[in-house]
Each structure stands twice: as structure tokens, then as C-alpha cells.
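Written out below as C-alpha cells is the structure these notes cover.
We did not get these values from a lab; they are worked out from the coordinates using the rules stated. Keep in mind it's a predicted model, so treat the numbers as computed, not measured. Here the Cβ positions follow ideal geometry from the backbone for every residue, glycine too, while neighbour counts run over all protein chains shown.
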Amino acid sequence: MAVADQIHERLDAAFSPRELRVVDESEKHRGHAGYREGGESHFQVTIAAEAFKGMSRIARHRAIHEALGKELVTSIHALGISVSD
Amino acid sequence: MTDARTQIDETVKANDVVLYMKGTKMMPQCGFSSRVAGVLNYMGVDFLDVNVLADDAIRQGIKDYSDWPTIPQLYVKGEFVGGCDIITEMTLSGELDQLLQENGVAYDKDAAEKIREANA
């Protein structure tokens, strides 16, 4: 499964978001640090879910890291996150 | 505590504002580190930059210290504030101004306003 699909699946399962977009932006970083052949290194996540209500910015990001799992988070080079409740 | 952890703990407590980043504030080596260092520089914040690329133990140690998987990481008065996305959001919302003010850290208010105007 593509990494973007894995991210999508895990976040969908964890937060039942009303909006969720996962974009693989790896190609934008071709030639820069962290780029690797085949891509799947840079992702941008936009997520909106009730589950984030009342959580601080850091807590929201931590919850997302948690849902994705340590292995996935450390295997990709960059993960941009935009969260709303 | 491991050596890296002790070293990090001492650094973030001895300096009001510390940015763990890839590269230095004068020569960042990653777009995300560059963005945060750029904001702090522009806002005239006096901060210590720690280049994690210069020390593998610190590079891993800072992730363990904050339980946060990415770099850059900003610390104010020993407290972890966030990474690139969070600092960007806090800059645009004015929360970063508030945090600096509360902690008695000098910064250029006009410069902060200019960033917000440019990104409105």
C-alpha cells in the first residue's frame, strides 16, 4: 500500500475526521535534503475532526503521531500537519 | 539521564529561547528549520541555535527529550513549544507574541505584524 494511503487509513480510523487530505509532496523536494528516489518522503496532512476539540496544538500533533505509529513517522522525512476541530 | 539528555536539559534551561535545527541560524540546511529560524531572526528574537547535524547524539536525544519525532524544535524557558507547523500557526495567530511576552523575551512587535500582514 502506498504510504499516503496508509496515513489516510490510520488517521481515518483513529479520528473519524469530517475532512482528511493526505498529499504526497515528495516530488516538490526532488534534489533537496531528504528526497529519495521513488518519493514517499514528504507528506502534507490536512485534517478536521471533532476529536481534536479542547486539545492544545502540541496534543493534537502528538495524537496524530501516535495514530500513525512510530515506525511510519520515523520512516518518512517530513510530515506537515494542519489540524482543526 | 544519558549524557545527551543532561546536555539538552541544561541547554534549554540556561537559555531563554533555543532552537534545535538542521544547520545554523545563519545557514539553515532544511526548509522547515529555515522557516522557524527565519521568523525568529525577523522578529529580532535573541535565540541559541543548536545544529543537530553536528552531533548524532543530540539529533536523536532531542527527539527523545520532547517525545517529538521531528526537527526543528523550539524551546522557550525550558518548555517545548512546537515544531515548524505549530510555530508558523502561532506566529500568524499572535500566540507566539503572547508567549514571548509572558516569558519576558524581547521581540520586535512591528516585525511580527508585518509577517501577519504579508500572510493575511
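Structure note, pairs A:LYS28/B:LYS114; B:LYS13/B:LYS63; A:LYS70/B:LYS63: Cα-Cα distances above 20 angstrom occur for A:LYS28/B:LYS114. Each residue of segment B:75-90 is assigned a 3J(HN,Hα), and the resulting list reads 10, 10, 6, x, 9, 5, 9, x, x, 4, 4, 5, 5, 4, 4, 5 Hz, derived from the Karplus form 6.51 cos²θ - 1.76 cosθ + 1.60 (θ = phi - 60°), x at Gly and Pro. Projecting the Cα atoms of A:LEU20, A:VAL83, A:ALA59 onto the dipole axis of chain A, where Lys and Arg carry +1 and Asp and Glu carry -1 at the beta carbon, places A:ALA59 farthest toward the positive end. Taking Cα centre as origin and charging only the Cβ of basic (Lys, Arg, +1) and acidic (Asp, Glu, -1) residues, the dipole magnitude of segment B:33-92 rounds to 100 debye.
Projected over every direction and averaged, the convex hull enclosing the alpha-carbon atoms of segment B:4-118 yields 6.4 nm². Seen against the Cα atoms of chain B and their longest principal axis, helix B:56-66 is set at about 70 degrees. Helix A:57-68 and the longest principal axis of the C-alpha atoms of chain A enclose an angle of approximately 60°. Listing A:ILE7, B:ILE115, B:ILE62 from fewest to most neighbouring C-beta atoms within 10 Å gives B:ILE115, A:ILE7, B:ILE62. Expressed per residue, the C-alpha convex hull volume of segment A:3-84 stands at 83 Å³.
The long axis of helix A:3-15 is offset from the longest Cα principal axis of chain A by roughly 10 degrees.
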